[in-house]
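Novice: Have a look at this one.
The values are calculated or read from the model by the stated rules, or taken from the named source; none is laboratory data. Here the structure is a predicted model, which means the values were calculated and not measured. Reconstructed Cβ throughout: ideal geometry from the backbone, glycine too, with neighbour counts over all protein chains shown.
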Amino acid sequence: MEWRKLIWLGVYALAMAQVEAAVVVYLREIYHGADPLALFPLVPLGGADLSVELIREVATVLMIASVALLQPQRGGRAFGAFIYVFGLWDIAYYAWLKLLLGWPTQWLEWDVLFLIPWPWLGPWLAPVLVSVLFVATGARLLSAPACVTRLATSTICVGAALVVTAFLMPATSSHTAGVPRVGDFPWVVFGVGYLLMAAGLAIAGNRVSRAA
């Protein structure tokens, strides 16, 4: 039954998030031992540690993709499984960090989100908002067969490109060399990208409703 699939994918996402959060707790203790809650100013990872971290990030995405590709009738279901697990993993990651480390301490506190091709920076709430969209749409795509149309795909891709651009922009600004402020984040770029992603995912979800 579909609800069992959602539950077990959710268990996988929650377990992955705990492992991810535990690794970050250790990294914070190593690189920010004086105050693990203060991530900025950033302390650059060493050469070997950076390589290990980059490989870990790629491995995380591959783990989520591998589970998604196990879905029968790939296409819309595989895409739904990927964004469902990714979204739950991301949300649970911050929940685990709060439980294990007491961080984040503020709603708009900044985080390092990813490192490829260079650091993605932004308030932690921004990726969580994207993840909420992922979980809702992913669950719908897994609940009924659907074909993700070209319109939905192109809209999602354009929106995702803008969201990623918003996360990449702060690292190119001198303002984030120290402790970044909320205003340093390109909210307009993120907002436009987020709305486009929401529209594309809504189109995909609407296809589910019609097919059900």
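Novice: Inside segment 95-120, can you point out the residues that are in contact with a helix residue (DSSP H, G or I) (Cβ under 7 Å, 6 or more places away or on another chain) and in contact (Cβ under 8 Å) with a residue 60 or more places away in the chain?
Specialist: Answer for segment 95-120, where residues must be in contact with a helix residue (DSSP H, G or I) (Cβ under 7 Å, 6 or more places away or on another chain) and in contact (Cβ under 8 Å) with a residue 60 or more places away in the chain: W96, L97, L100, L101, W103, L108, L115, I116, P119.
Novice: Tally up the residues in segment 152-161 that are surrounded by fewer than 21 Cβ atoms within 10 Å (Cβ to Cβ) and aliphatic (A, V, I, L, M), please.
Specialist: So the count comes out to 3.
Novice: Quick check: is even one residue across segment 173-183 closer than 27 Å to T149 by Cβ and at pLDDT below 75?
Specialist: no
Novice: Could you list, in sequence order, the residues of segment 169-184 that are surrounded by 14 or more Cβ atoms within 10 Å (Cβ to Cβ) and either within 24 Å of T137 (Cβ to Cβ) or of a type in the set (S, T, Y) (or both)?
Specialist: T176
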